[in-house]
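Student: Dumping the structure here so I can ask a few things about it.
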Amino acid sequence: FFPGSTLFAETSDWQEADHIILTANSRQVNPQLADLADKELQLSHTVRYGLLPQAWVYGNPAAQPVTINPDPLTDPVSFGGQMQLLAQDLRANPDGNELLFTPRWRKEQVDPLLIVKIQLQDKAGIIWQELETELLNEVYFFPRHWQPQETPQVTYRLRLPRAMPPGAYDVKLSLVDQNTGGQLPVYAAEQSGGVIYDTGTLELELPLQAVDPAQFEMAAIADAAWPDGNLRLLGVAELTDTVQAGGDVHLELIWQAEGPLPAGLQIALQLEGADPLLLPLSSFDSGRWNPGSVLRQKYRYPVPGDMGSGDYSISAVPVDSSGEMLDGQPVPLGDVHVTAVDRVFALPDDIALPLDVRFGPGIRLRGVSPEVAAAAPGEPLALTLYWQTEVEMEDPLTAFVHLLDQDGSIVLQADRWPGGIPADLWSEEQVIIDEYQWTLPSDIAPGAYQIATGLYTATDGRRLPVFDSAGERIAGDQLLLPLAVSITE
């Protein structure tokens, strides 16, 4: 019944509103905001049920409303024919502590139920922040309740980590179908294929400042300083404790400059029993750090695929721009448990439908089972794909498997790593046995169906090109399996 505009905490900042409502529940969920409201805002009304206070309305005389007008796109971006992106705005808020992404939407189907997924990545592809939330309009209505020509816009906010390095970051957008769990394909004029839309690059001019180490959740490290004490390692904020051989150890370190630093500093990471890895100390060059400033940095260390199971220590030491280790000793960061991967290199003898279809540079689909699949509504429908690699892969891949009706519409969908194993863990000539099982909807129409499959890269969502046994590229970069699928009454 409020005659003005309603803002929601998930997509707006309290400083924008001239009235703020807290409930008994929100006081427990966000005690910091409750304390701030009691100290700095004006309580104007208390809502009581059975004489017990349940909600409080505060006035904010210093409201700072934000008006954002997204820039229209020359060509709308379609997500799987279910939702269109008409316009967008990408910026950091004035305080530099939040990323604001404001899209304008238009639905293409009557009742799409979708999840919005936004990721903030650095130029090395490492994710610094992400958000997943239901796609709703600005007053929290699902698309089924939108007016026919409604084009709502919502501002999504990603809180930037404290002491994040300044620099260029990419913002990736994808939509996930709540019914199938699959990411919707992106159709954009400037982008061919994939399930991830690149909204653009944002140059974040984040402040370099001193930060109390107590504000970081980290394992503190004492007496780790180089050279002449000007560079100090304060602690480890993240360290993968268990990883499969061939996977990545994700690591985040908190650094402090206590004096001037030379440009081009690097870090040598060493996993026990593996070769050292040399990386930039930070994506923001060390020569530009202010004395006293604190910066955090994320790293990714690839574990050799042939490493045996066991516990291994990992250490770090700064290195100058010429590759010479700075005065001081490597610092142990913690232990990583590596699990060796059981690998199969021979195709089973009982593949129902042998195939030889190539996907991208060196992955082949060698067969599918069973030869015929039949099930009734509400019953399980199962199939198995047999992949084989010709080369070692550097990036994870996702397989999509679509159950299509006679019109080619997706009825059911599965998106996942083939066999549940990231492709960067695969070895040359390894066989991946990829099993799927769906429970058919109780209202699915009887008749003949088809199954389509393909692969796409996890980093950008682009489909791998598909070639038949004669070397001809298959349209749409997806393969219609020769498996006969029948839904019985």
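Student: Straight-line reach only, C-alpha to C-alpha below 18 angstrom: list the lysines that Lys298 could link to, leaving out same-chain residues fewer than 8 apart.
Tutor: Lys123
Student: In addition: Distance from the Cα centre of the range 111-143 to that of the range 233-253, in angstrom?
Tutor: Centre-to-centre (Cα) distance: 26 Å.
Student: Something else now. Under unit Cβ charges (Lys, Arg +1; Asp, Glu -1), what dipole magnitude, rounded to 20 debye, does the range 1-148 have relative to its Cα centre?
Tutor: So the magnitude is around 360 debye.
Student: A further question on this structure: Normalised radius of gyration for the range 303-461, please: alpha carbon Rg relative to 2.2 N^0.38 Å, two decimal places.
Tutor: 1.41
Student: Per Stokes-Einstein, at 10 °C and 1.306 mPa s, what whole-number D in µm² s⁻¹ belongs to the range 400-454, with the Kirkwood radius over Cα pairs as the hydrodynamic radius?
Tutor: My calculation gives 121 µm²/s for D.
Student: Hey, if you put +1 on the Cβ of every Lys and Arg and -1 on every Asp and Glu Cβ in the chain, which of Ile254, Met325, Leu281 ends up farthest toward the positive end of that dipole?
Tutor: With unit charges placed on the Cβ atoms, the residue in question is Ile254.
Student: What three numbers, in Å, describe the spread of the alpha carbons of the range 256-345 along their principal axes, ordered from the longest?
Tutor: Rounded to whole Å, the extents work out to 52, 24, 24 Å.
Student: For the range 335-378 and the range 384-439, compute the distance between their C-alpha centroids and round to whole Å.
Tutor: 8
Student: Same structure again: Assign unit charges at the C-beta atoms only (+1 for Lys and Arg, -1 for Asp and Glu), then state the dipole size of the range 262-312 relative to its Cα centre in Debye, rounded to the nearest 20.
Tutor: Roughly 380 debye, rounded to the nearest 20.
Student: Would you kindly calculate the translational diffusion coefficient of the range 125-191, applying Stokes-Einstein with the Kirkwood radius from alpha carbon pairs, for 25 °C and a viscosity of 0.890 mPa s, and quote it in µm² s⁻¹ without decimals?
Tutor: It comes out at roughly 162 µm²/s.
Student: With semi-axes √(5λ) of the Cα gyration tensor in Å as the read-out, I listed [x] 42, 37, 20; [y] 39, 25, 24; [z] 38, 26, 20; which label goes with the value calculated from this structure?
Tutor: Identified label for the calculated read-out: [x].
Student: Using a simple charge model, +1 on the beta-carbon of Lys and Arg, -1 on the beta-carbon of Asp and Glu, nothing else, what dipole does the range 449-489 show about its Cα centre, in debye to the nearest 20?
Tutor: 140
Student: Which one, Ala92, Gln42, Pro53, is farthest towards the positive end of the dipole of the range 33-123 when Lys and Arg carry +1 and Asp and Glu -1 on their Cβ?
Tutor: Pro53
Student: Nearest 500 deg cm²/dmol is fine: what mean residue ellipticity at 222 nm does the chain get from its DSSP H runs of n ≥ 4 alone, each adding -39,500 (n - 2.57), divided by its residue count?
Tutor: Calculated at 222 nm, the ellipticity per residue is -1000 deg cm²/dmol.
Each reported figure results from applying straightforward, stated rules to the coordinates on display, with no laboratory input. Remember, predicted model here, so these are calculated numbers, not experimental data. Cβ atoms come from the backbone with ideal geometry, glycine included; neighbour counts cover every protein chain shown.
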